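The values are calculated or read from the model by the stated rules, or taken from the named source; none is laboratory data. Quantities reported herein were computed from a predicted structural model and do not represent experimental measurements. All Cβ positions, glycine included, derive from the backbone under ideal geometry; neighbour counts span all protein chains shown.
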Amino acid sequence: MLPAGRDLSRSYHQIQMRVRRTTRTRLDRYLQERLGWTSRTRVQKLVRLGRVEVNGEVAKPSTRVSVGDQLLVKLNAGGLPLEKGGRPLGHPLWQDPWLIAIDKPAGRLVHPVGRTLSGTILNELHHHFREVNLSPGPEVIPRLCHRLDRDTSGLLLIATTIEARRRMQIAFEKGEVKKCYIAVVEGEVESDSFEVDVSVQAHLDRSRRGDNRLARAAVEGKESLTRFQLLGRGRGFSILLCRPITGRQNQIRIHLQSAGHPILGDGGYGATEESFKAGGGILPAAVPYPRRALLHSWKLRFPHPIWRLQYHLECPLPGDQRPFLEAAALSKLPSFVSLAIKG
């Protein structure tokens, strides 16, 4: 039995749990809240595939659960391979009793998805909490406040209590959380600042790297807006500050591709070594063409979920971005005050 949700410090093929505090709640809503690390869409898919049982019987999408019901969730039916854990979690930047901020390394998934059910940032956080005995009950379980793509490095915020996560979700929805990213893009951007509001529509694109949900620009889709500020230029590349006003999937990557300046290394959105060189691009000395999209989650400003004071967090730039800043003669990045990020 699990006290609340999946013990992500271990690899599981299935999860058992007992309903304790609810009355005739929809099964998908209940599981999404208990599991914490997955989406409601993912839960609904598991139900449709017959991989969720209630009191020993395969559940239907319309199933409602009551106190005392025994649930069984089969996460890894068919013997899909599991990744081994134990990789570095990422450098901790800041922590208090309600929130943790880490420097996520590029190449790491933030949560289990598809065939990858272990070895993610969230797995490692759960393992860490178990090891140091900081997770004694259902109220203290790491939950993501937001997400970063596998290739994106930098600042990732995690809540350690249900209430902290709930309040942070409200803050994100209200636009109270200000996010700043640093991107190295193809081409020498001419404007000091610009914005892109191309709509974004998500669809499943099974790429060579596995089950990745990529998003494409579409005529019809959800509203999206990103503001960009030029920080510096090099030989055929530019350094941009990126401020997503909305939070659509892969929004920054799509908007930069739409603007004709895909992120360097972002093969999923039009960036190639050939196109970079064809546009007159010259890499910094002794630096190979990047193997990942050079996008970094740099700064966050948000109201603390408990104290409501404004917190400013910053994550150092990764090693693969720094040579580009040096080549663009950009010795210092702007402060929050100089960014004028009110809107």
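The rows are residues; the columns are (1) under 20 Å from residue 149 (Cα atoms); (2) surrounded by fewer than 21 Cβ atoms within 10 Å (Cβ to Cβ); (3) modelled with pLDDT of 95 or more; (4) not basic (Lys, Arg).
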position	(1), (2), (3), (4)
266	yes, no, yes, yes
270	yes, yes, no, yes
286	no, yes, no, yes
293	yes, no, yes, yes
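Taken as a whole, the condition of being closer than 25 Å to residue 107 by Cα, within 25 Å of the chain's Cα centre (by Cα) and assigned by TED's automatic domain parsing to the domain that holds residue 240 does not apply to residue 309. The sole residue among 29, 20, 42, 6 that is at pLDDT 75 or above and assigned to a loop (DSSP other than H, G, I, E, B) is 20.
Yes/no matrix, rows are residues, columns are (1) among the hydrophobic types (A, V, I, L, M, F, W, C); (2) part of a strand (DSSP E or B); (3) at pLDDT 90 or above; (4) not assigned by TED's automatic domain parsing to the domain that holds residue 324:
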{"residue": "135", "(1), (2), (3), (4)": "no, no, no, yes"}
{"residue": "150", "(1), (2), (3), (4)": "no, no, yes, yes"}
{"residue": "169", "(1), (2), (3), (4)": "no, no, yes, yes"}
{"residue": "185", "(1), (2), (3), (4)": "yes, yes, yes, no"}
{"residue": "189", "(1), (2), (3), (4)": "yes, no, yes, no"}
{"residue": "201", "(1), (2), (3), (4)": "no, yes, no, no"}
{"residue": "216", "(1), (2), (3), (4)": "no, yes, no, no"}
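When residue 320 is tested against (1) in a loop (DSSP other than H, G, I, E, B); (2) surrounded by fewer than 17 Cβ atoms within 10 Å (Cβ to Cβ); (3) in contact (Cβ under 8 Å) with a residue 60 or more places away in the chain, only condition (2) is not met.
Residue pairs whose Cβ atoms lie under 7 Å apart, sitting 6 or more positions apart in sequence or on different chains, and linking a residue in the range 158-171 that is farther than 16 Å from residue 309 by Cβ to a partner that is surrounded by fewer than 21 Cβ atoms within 10 Å (Cβ to Cβ) and hydrophobic (A, V, I, L, M, F, W, C), are 158/100; 158/144; 159/98; 160/98; 160/100; 160/140; 161/98; 161/140.
Screening the range 225-248 for residues that are within 20 Å of residue 148 (Cβ to Cβ), at pLDDT 90 or above and in a loop (DSSP other than H, G, I, E, B) and picking the one that is farthest from the chain's Cα centre (by Cα) gives 225.
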